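One structure is given here, and the rest of the page talks about it.
The values are calculated or read from the model by the stated rules, or taken from the named source; none is laboratory data. Keep in mind it's a predicted model, so treat the numbers as computed, not measured. When we count neighbours, we look across all protein chains shown, and the Cβ atoms used for this are built from the backbone with ideal geometry, even at glycine. We work out accessible area using only protein heavy atoms, side chains counted, and drop any ligands, DNA or RNA first. Shrake-Rupley method; radii C 1.70, N 1.55, O 1.52, S 1.80 Å.
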Amino acid sequence: MRMDSGGDGGEVTSAAAGPPTPLEWRFSQVFGERTAGEEVQEVDIISAIEFDKTGDHLATGDRGGRVVLFERTDTKEHVGNRRDLERMDFPVSRHPEFRYKTEFQSHEPEFDYLKSLEIEEKINKIRWCQTANGALFLLSTNDKTIKFWKVQEKKVKKISDINADTSKADGNGSFASSSVASGPKQHLPNGGCPDLSYKSNDLSFPPGGIPSLRLPVVTSNETSLLARCRRVYAHAHDYHINSISNNSDGETFISADDLRINLWNLEISNQSFNIVDVKPANMEDLTEVITSAEFHPTHCNTLAYSSSKGSIRLIDLRQSALCDSHSKLFEEQEAPGSRSFFTEIIASISDVKFAKDGRYILSRDYMTLKLWDINMDSGPVQTFQVHEYLRPKLCDLYENDSIFDKFECCLSGDGRQVATGSYSNLFRIFGCGMGNTESTTLEASKNPMRRQVQTPSRPSRSLSSSITRVVRRGAESPGVDANGNSFDFTTKLLHLAWHPSENSIACAAANSLYMYYA
C-alpha cells in the first residue's frame, strides 16, 4: 500500500486541470558516509542495489564481493495501529527507514587457469527471490558465478544452568545412597558399577536411586543471522555476466552475458538451457552484444533484452527452445546525417527495466532515458535528455573511457516517475505521462536539493551554496560549464533503486548508500 497515497490521489484528480505537482525530495538516511578527506577503498565501492518486492528489505553488493542487507524499521513500530491509521482521512507522513541487518562474503577472487584470467569478486547484480518459512533468499553474481543464498535467524542455544539439587548432595557434590556399599572404587566414570554382587531388593538404577538428576538447562534467548550458500550456478558463461533476472513463476531465472542468455531452475545448479545465442559462426562478423536482460514481471514466458546497438528485443519462450527470432523489436531510427564515430557507442543500452504492470519498458543509453510501450514498436513514447550537454565533450569522454560508463535506471512503483544517475554524484528524476514536465536533479548528499534543474536538456543548478567536492569552484572550474553543468567524471552515480510501493530512492555514491523520500 502507498503510504503517501493521500497526496498522490489529489494529483490524480487534478490531472485534468493541470500537470501534477513535482515531488519534493528530502534526505532520509545515509550508510557508510565518508568523512572529509577520507579515501575510499576500491573494495568498498557499491556495485549493486536491489529492494525486495515488499520493500521491507534492501541489499547492496560491492566490489569486494560482499553483500550487505538492510531491513525496514518504521513499519514494525506501527503494527498495532496500522488499521487505525488507514481509516484516517489524512495521509500517513511516515517514510521508509532502514537499519543494518547483516552482511556476508558472497564471492571471492578466483583465477581461471585454462584461460589465464583473473575473475573479480565484484558483485554485478543482486536479485531477491521468494521468502519461505521466515528466511530470505537472494541471488548474487560476479562475472562468472551465480550463487543462491539463504539468510535466516538462528537461535543461539546456551547452557544457562544445571538443575542440581544441592540439598540432597553431600559436601563433595556426590549424592548419598544408603543401599550401596561405600568404597574407593564404587562407580566407574561412565556411571557403571563394578561390583554387581550386592544384596539388595532395590531394583532402581543406579541401585538406591538418585535423589536429583543433574541435567543441563538450555536456553535460546539470543538470535543470530546466518547466511548460507544453498547452490552455486557455475561454468555456464564464457563471457562476463551482465544480468540476472527472476521469473514470475518463482522457479526459474535467467543469466545473460555478452552473447548468450541461459535459463536456470533454482533447484538445479548443474544444468541450464541456452535460450538466446547471438554468437556468429565467425566472430569477425560480430556486430552487437547483449547488454542487459529482464523477465516480464507477470508473464513467465516473456523476457526483454537490450543490445549495444540501442535495440530492445522481446522474446516469447513458447515459440521455440532457442529463441533466435524475436516477437517484437524496439529501436529508434537515427536522424539522417547525424551519424558520427560516437553514434553506436552512445546508443548502447546499459540497462532495461519493466514497469510494475509490465506495460512499459525503461531503457538507459549514455545520453538519454527512453520509455517504450510494449504495444507500440515504432519508437519510444517518451525520451528524457540526461547527458545532452555532454555532446560537445564526447571526444574527451572517449579518451578517458567515461563514454563506456554503464548507468542504471529505475521506475517508481506507480510508473509516474523514472530516475537515473549521472556524474558528480547527481541523479535525475523525470515525470512520465502527457503534460508532465517534471525534471529534478538531486545530489547524493545530505542536502539533495541544492542542485535543482527544471529543463532536462540544459540542466543547471545553483552554485551559491557550499558545494563540497570538485564543483565547488563554480564556473571557473574546468569541470563545470557556464550553466553549472558538471564535468567531474571521477564521481559518478551508476546504481540506484526505487522502492516498489513508495516514493523512496536508494542510490550509491562510491561506498556510501544514500536514501531519499518524497
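Considering the stretch 291-301, and only residues there that are touching an Asp or Glu at 6+ places or on another chain (Cβ under 7 Å) and touching a residue at least 24 places away in the same chain (Cβ under 8 Å), the residue that is nearest to Q333 (Cα to Cα) turns out to be S292. Of the residues making up the stretch 254-290, those that are closer than 16 Å to R313 by Cβ, open to solvent by 60 Å² or more (accessible area, probe 1.4 Å) and either touching a residue at least 60 places away in the same chain (Cβ under 8 Å) or not basic (K, R) (or both) number 1. The set of residues in the stretch 430-445 being of a type outside the set (G, A, S) and either surrounded by fewer than 24 Cβ atoms within 10 Å (Cβ to Cβ) or without any contact (Cβ under 8 Å) to a residue 24 or more places away in the chain (or both) consists of F430, C432, M434, N436, T437, E438, T441, E443. Of the residues contained in the stretch 385-399, one or more are found to be surrounded by 21 or more Cβ atoms within 10 Å (Cβ to Cβ) and either within 26 Å of R313 (Cβ to Cβ) or β-branched (V, I, T) (or both).
For the stretch 103-128, filtered to residues that are assigned to a strand (DSSP E or B) and more than 25 Å from E408 (Cα to Cα), the residue that is least open to solvent (accessible area, probe 1.4 Å) is D112.
Taking the numbered list (1) at pLDDT below 95; (2) within 26 Å of G433 (Cα to Cα); (3) crowded, with 16+ Cβ neighbours inside 10 Å; (4) not aromatic (F, W, Y) in turn, T21 passes all entries but (3). Checked against the criterion of being crowded, with 19+ Cβ neighbours inside 10 Å and without any contact (Cβ under 8 Å) to a residue 24 or more places away in the chain, the candidates T343, T368 yield just one match: T368.
For beta carbons closer than 6 Å, sequence separation of 6+ or different chains, a first residue in the stretch 405-423 that is over 12 Å from L371 (Cβ atoms) and a second that is of a type in the set (D, E), the qualifying pairs are E408/D351; Y423/D488. Whether a residue is under 26 Å from S402 (Cα atoms) and surrounded by 12 or more Cβ atoms within 10 Å (Cβ to Cβ) was assessed, and I244 passes this test.
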